[in-house]
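S.K.: Sending over a structure as structure tokens; questions will come in a sec.
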Amino acid sequence: MSAKPELTVEPWRVVEERLDLASLAETESLFALANGHLGLRGNLDEGEPFGLPGTYLNSFHEHRPLPSAEPGYGDPESGQSIINVTNGKIIRLLLDDEPFDIRYGEVEKHERVLDLQAGTLSREVEWVSPARQKGRITSTRLVSLTQRAVAAIKYEVEAIDEGSRVVIQSELVANEPLPPTRKDPRVSQILDSPLESEQFSDWQSGAALVHHTKRSQLRLAAAMDHIYSGPDTTDVEVDVSDDIARVTFTSVLKPGEKLSIVKFLAYGWSGVRSRQALFDQVTAALTAAKHTGWDGLVEEQRRYLDEYWEDADIEIDGDPEVQQAVRLGLFHVLQAGARAERRPISAKGLTGVGYEGHQFWDTEIFVLPLLIHTVPAAAGDVLRWRHSTLDAARNRARHLGIEGAAFPWRTIGGEECSGYWPAGTAAFHINADIAYAVTRYMDATEDERFERDVGLELLVETARLWEGLGHYDRDGRFRIDGITGPDEYDALADNNIYTNLLAQHNLRAAADAVERQMDLARGLTVLEEEPASWRAAAASMYIPYDEKLRVHPQSDNFTLHQMWDFTDTDPSKYPLLLNYPYFELYRKQVVKQADLILAMHLRHDYFTDKEQKERDFAYYERITVRDSSLSAASQGVIAAELGHLDLAYDYLAETALVDVANLHNNTSDGVHLAAMAGAWNLLVAGFGGLRVGGKALAFSPRLPDGISRLAFNLCYRSRQLSVVVLKDKATYSVRSGDPILLSHHGDEFELGPQRLATHRIPPAPAREQPTHPPGRDPLRRAPLRRA
């Protein structure tokens, strides 16, 4: 398992030394730039060829029907799909009337560089046209992390060997044609021409287009302006119509002479603001960007990222390829959330249309822990967005006849967009996942205002759902029946342990929050008896156990199901959901992704017996096929905790390289954001052993053979912590902030600011290696380890 051969391995850059048209869609995802508001796929400047054109605005979507042959009560009738908005990336070039197109002529050099420290995508091409005109084309683009509405491109063409007549066409294009989608439920449904024109305007070197969607009635404005340098004889023309605006620069270059333009872009959208207000907004953003200038935008970008990497970087000595992939993942997670500002973080961020731009539970469980400890304000904004959708969640719960709030399995605007109940709304654990993220955020930030404004109400309404959804059986056990846990191959099950344990946490956290905020709780009409009722349900929560096998079934009677025939399952049949009916999956022992194993991590306070954990881990390793990119990170965390360090290392490579190596063959639809964040979780919670929720912030670090040193930083309760792990020892320091109580492999100690504490690492226990389904072993990392 390795990165694509055309990508070089460098610490801070992803370099493509030659263009591979067959993998263009994948590199468009890898090279995407975004800031949480605006996302630009890494399409070529000239617009063609492409794998999937893509320009996205967070939450800007269109409605589409969700037809069902046999609709049932409670089924959503309308879905939401993120759409490709006005494309401002396009800059076409003609050399002596020959259009620059890498499919024609000769490409003598083609290099693209994603610079993770600068936050830019650069490109250098040397091209000889069919008419033997040679030119050098360089471009650099960025999506500003400091000016939320703004992107910019510096584009330069140089005549080589002999003079050339040069025409540069800089465009805004709405409703551009898109390729057909594959028959894969993980892929978005393409909506043809979703935008209707409202206004088009132009001026000396720029233009603007205003459109609205046909069904959702959201309004979008996109604008561009330019500065240029070149021969004095350069002409500039502007033309604009409903769906296209074009600024054309024409010049004659002598050998070695250059024509350079800087293209400034601005985007805005709203469901309530007027056409004129949005037009004014984007033109004002353009004015500010031009005032800053290209060099100023580049400097602001670098400064922003310097601060981010100071807090978020993870250093991995011994495996340069994983090091690069981990940093790429950290970069994409930042791009998804930095300026989202009370908008969701979708499964693909703003890098593609996979999963239709929906947010799932992945964000709260995998992405937010990373942001909570690196960019806590961005994590808080995602939870504030969840809070803003509470009315829709309450309506959904009422429609289902349940108390409280039923948050959607997948959504953009807050409404349920899953048309398949067993793998959609029945996965009620999303509500407990949100509550878990709320409590983790509050624990790490001690943000009392957040608790009062957001956290309390989220905890109360999700706790109410569990009390209404569950019931006491004749033995006095509190049961939650007929739901789907994280493993989507075990649907509509009773007492999924992950769900029950996180619901238990949710109920207790809500009761605790009410006691802290009694005045606000009364305003939420919390009855006096409700907290006690929640505590009683939590205390009586039923957690199944198989006494014969001495393992936890991930749901009631799961270990009694027939075992899946792994031996006779052809490797080409994975992922199973694309090749077998759900009926076959639901009634067999086969696990799509970590379920009970994930519960063992998040509810480590419940799973305290190491030998029991080892039995559970070994049992589920044998039947987990990792058909989800989320699984490897969770399995790796527990593998590291139990001392299976080389196995955890294999899982680290699998989750870190999921997109760089296109392991699931769908990176073309966008990056796997939660898997990228999962690599951080595996490093920090797995090899670093981080556990939260106790009196002390706990670490139990150990390293595999392939990593000689691991270093990471954490934000925690207004402190900046640094942890450096070697094979035999770990060193902790408080870079800033007050003293803090830490623990190292169970030994507590207090550490003050600007102090170092070094502790020896005990050897990992000797355990029998777990086995895996035939053909589903993680690829061994050992052959690729480097000093």
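S.K.: Considering only residues of the stretch 335-365 that are of a type in the set (Phe, Trp, Tyr) and open to solvent by 10 Å² or more (accessible area, probe 1.4 Å), which is nearest to Val692 (Cα to Cα)?
M.R.: Phe360
S.K.: Which ones in the stretch 627-644 are in a loop (DSSP other than H, G, I, E, B), hydrophobic (A, V, I, L, M, F, W, C) and over 16 Å from the mean Cα position of the chain (by Cα)?
M.R.: Across the stretch 627-644, the qualifying residue is only Leu642.
S.K.: Also: So is Thr758 open to solvent by 40 Å² or more (accessible area, probe 1.4 Å), at pLDDT 95 or above and within 22 Å of Arg615 (Cα to Cα) or not?
M.R.: no
S.K.: Still on this structure, please answer the following. Name the pairs whose Cβ atoms lie under 9 Å apart, with the first residue in the stretch 360-385 and outside any helix (DSSP H, G or I), the second open to solvent by less than 10 Å² (accessible area, probe 1.4 Å) and among the β-branched types (Val, Ile, Thr), and 6 or more positions between them or separate chains?
M.R.: Final answer for the pair search is Phe360/Thr411; Phe360/Ile430; Trp361/Ile430; Trp361/Ile434; His373/Val684; Thr374/Val333; Val375/Val333.
S.K.: Another one. Filter the stretch 573-603 for residues that are under 27 Å from the mean Cα position of the chain (by Cα) and of a type in the set (S, T, N, Q); which is least open to solvent (accessible area, probe 1.4 Å)?
M.R.: Gln593
S.K.: For the stretch 129-152, enumerate the residues that are outside any strand (DSSP E or B) and among the small types (Gly, Ala, Ser).
M.R.: Matches in the stretch 129-152: Ser129, Ala131, Ser144, Ala149.
S.K.: When you scan the stretch 234-253, do you find a residue that is surrounded by fewer than 23 Cβ atoms within 10 Å (Cβ to Cβ) and out of contact with any strand residue (DSSP E or B) (no Cβ under 7 Å at 6 or more places or on another chain), even just one?
M.R.: No: the stretch 234-253 contains no residue that is surrounded by fewer than 23 Cβ atoms within 10 Å (Cβ to Cβ) and out of contact with any strand residue (DSSP E or B) (no Cβ under 7 Å at 6 or more places or on another chain).
S.K.: Count, please, the residues in the stretch 269-310 that happen to be touching a residue at least 12 places away in the same chain (Cβ under 8 Å), open to solvent by 70 Å² or more (accessible area, probe 1.4 Å) and not in a helix (DSSP H, G or I).
M.R.: Counting residues in the stretch 269-310 that are touching a residue at least 12 places away in the same chain (Cβ under 8 Å), open to solvent by 70 Å² or more (accessible area, probe 1.4 Å) and not in a helix (DSSP H, G or I) gives 1.
S.K.: Now a separate question. Among Asp546, Asp512, which is surrounded by 14 or more Cβ atoms within 10 Å (Cβ to Cβ) and within 33 Å of the chain's Cα centre (by Cα)?
M.R.: Asp512
S.K.: Something else: May I ask you to say which residue of Glu46, Glu16, Glu26, Glu77 is surrounded by fewer than 18 Cβ atoms within 10 Å (Cβ to Cβ) and either among the acidic types (Asp, Glu) or closer than 30 Å to Thr425 by Cα (or both)?
M.R.: Step by step, each of Glu46, Glu16, Glu26, Glu77 is checked, and only Glu77 is surrounded by fewer than 18 Cβ atoms within 10 Å (Cβ to Cβ) and either among the acidic types (Asp, Glu) or closer than 30 Å to Thr425 by Cα (or both).
S.K.: Somewhere in the stretch 453-460, is a residue buried (at least 24 other Cβ atoms within 10 Å of the Cβ), acidic (Asp, Glu) and modelled with pLDDT of 95 or more?
M.R.: no
S.K.: Turning to a different aspect of this structure: So which residues in the stretch 81-133 are among the charged types (D, E, K, R) and open to solvent by less than 40 Å² (accessible area, probe 1.4 Å), if there are any at all?
M.R.: Lys89, Asp101, Arg112, Asp115, Arg123, Glu126
S.K.: Within the stretch 489-540, considering only helices (runs of 4 or more DSSP H) that don't extend past its boundaries, which have at least 1 residues that are modelled with pLDDT of 95 or more and closer than 20 Å to Phe428 by Cβ?
M.R.: In the stretch 489-540, 497-516, 530-539 are the helices (runs of 4 or more DSSP H) which contain 1 or more residues that are modelled with pLDDT of 95 or more and closer than 20 Å to Phe428 by Cβ.
S.K.: How about the stretch 697-750: which of its residues are more than 22 Å from Ala764 (Cβ to Cβ), surrounded by fewer than 17 Cβ atoms within 10 Å (Cβ to Cβ) and small (Gly, Ala, Ser)?
M.R.: Ser718, Ser722, Ser736, Gly737
S.K.: For the stretch 749-763, which residues satisfy the criterion of being assigned to a loop (DSSP other than H, G, I, E, B) and either touching a residue at least 24 places away in the same chain (Cβ under 8 Å) or aliphatic (A, V, I, L, M) (or both)?
M.R.: Ile761
S.K.: Would you confirm whether or not the stretch 56-67 contains a residue that is polar (S, T, N, Q), more than 21 Å from Arg141 (Cα to Cα) and either modelled with pLDDT under 95 or buried (at least 24 other Cβ atoms within 10 Å of the Cβ) (or both)?
M.R.: no
S.K.: Oh, and also: So Ala347 fits all but one of (1) within 21 Å of the chain's Cα centre (by Cα); (2) assigned to a helix (DSSP H, G or I); (3) of a type in the set (A, V, I, L, M); (4) under 24 Å from Asp381 (Cβ atoms); what number is the exception?
M.R.: That leaves (2) as the condition not met.
S.K.: I'd like the full set of residues that are under 25 Å from the mean Cα position of the chain (by Cα) and basic (Lys, Arg), limited to the stretch 615-626.
M.R.: Arg626, the sole residue that qualifies.
S.K.: Ok, one more. Kindly provide the set of residues from the stretch 213-239 that are touching a residue at least 60 places away in the same chain (Cβ under 8 Å) and in a strand (DSSP E or B), ordered by number.
M.R.: Passing the criteria: Thr213, Leu220, Ala221, Ala222, Ala223, Met224, Asp225, Ile227.
S.K.: Hey, among the residues in the stretch 477-509 that are aliphatic (A, V, I, L, M) and farther than 19 Å from Arg464 by Cβ, which one's surrounded by the fewest Cβ atoms within 10 Å (Cβ to Cβ)?
M.R.: By that ranking, first place goes to Leu492.
S.K.: Next question, about the same structure. In a loop (DSSP other than H, G, I, E, B), small (Gly, Ala, Ser) and surrounded by fewer than 21 Cβ atoms within 10 Å (Cβ to Cβ): does that describe Ala766?
M.R.: yes
S.K.: I'd like the full set of residues that are hydroxyl-bearing (Ser, Thr, Tyr), open to solvent by less than 10 Å² (accessible area, probe 1.4 Å) and over 17 Å from Thr771 (Cα atoms), limited to the stretch 618-656.
M.R.: Thr655
The values are calculated or read from the model by the stated rules, or taken from the named source; none is laboratory data. Computed from a predicted model, the values in this text were never measured in an experiment. Cβ coordinates were reconstructed from backbone atoms using ideal geometry, including for glycine residues, and neighbour counts include every protein chain displayed. We work out accessible area using only protein heavy atoms, side chains counted, and drop any ligands, DNA or RNA first. Shrake-Rupley method; radii C 1.70, N 1.55, O 1.52, S 1.80 Å.
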